[in-house]
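Reading through the structure tokens given below for one structure.
Quick note: the coordinates plus some simple rules give every number you see, no bench work behind them. As the structure is a prediction and not an experimental result, all values here were calculated from the model. Here the Cβ is made from the backbone with ideal geometry for all residues, glycine too, and neighbour counts use every protein chain on show.
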Amino acid sequence: MTFISVFLGRTFHYLDGILPFSLGENDLPLDDLAAVVLLVYFGATTLLDAVAMEGSKAEEEQQEAELAVAGLGAGSKGATTYNIALATFGLVFLAEWGDKSFFSTIALSAASSPIGVVSGSVVGHGIATLLAVLGGSFLSSYISEKVTAYIGGTLFLVFAGITLYEILN
């Protein structure tokens, strides 16, 4: 998913080079401006979601995930590693398609180095997945989903600020 997002972002970046938008004597980087707008939007909506968030949402999502996993195991007596891996891939692929991280990766890769975006995305997603697999239940007893949403929303706004700063300089 990361590579698809970066490819789409870089395509948007190249189109911006072909169809420049000028305001006076200066060309405005539409891909970078779109990245700022998307990042501010995601930051604001994530922070608003955090403010409105109820404490039981994370528990409901965990129960839904446990039911889905139980249903996977109940469907066959001997679920193979291949079947579990395939089901997990499908679940993650569909969950990631069109979410905030997908569009954020497109926006960042349109405005920044694709190698840096791929590296950061892969490492970030890897660490998040590792934490979720190894200690999700344990960590959720110490860090609420609301705090995580506040951190995420703030990071979106920080990235928007950095991108805007790079546009202006």
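Structure values in brief
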item	result
Cα gyration tensor shape of segment 87-137, rounded if a/c is under 1.5, else prolate or oblate by comparing a/b with b/c	oblate
Inter-probe distance in nm under a simple model that places probes 7 Å from Cα toward Cβ, at residue 7 and residue 144	4.2 nm
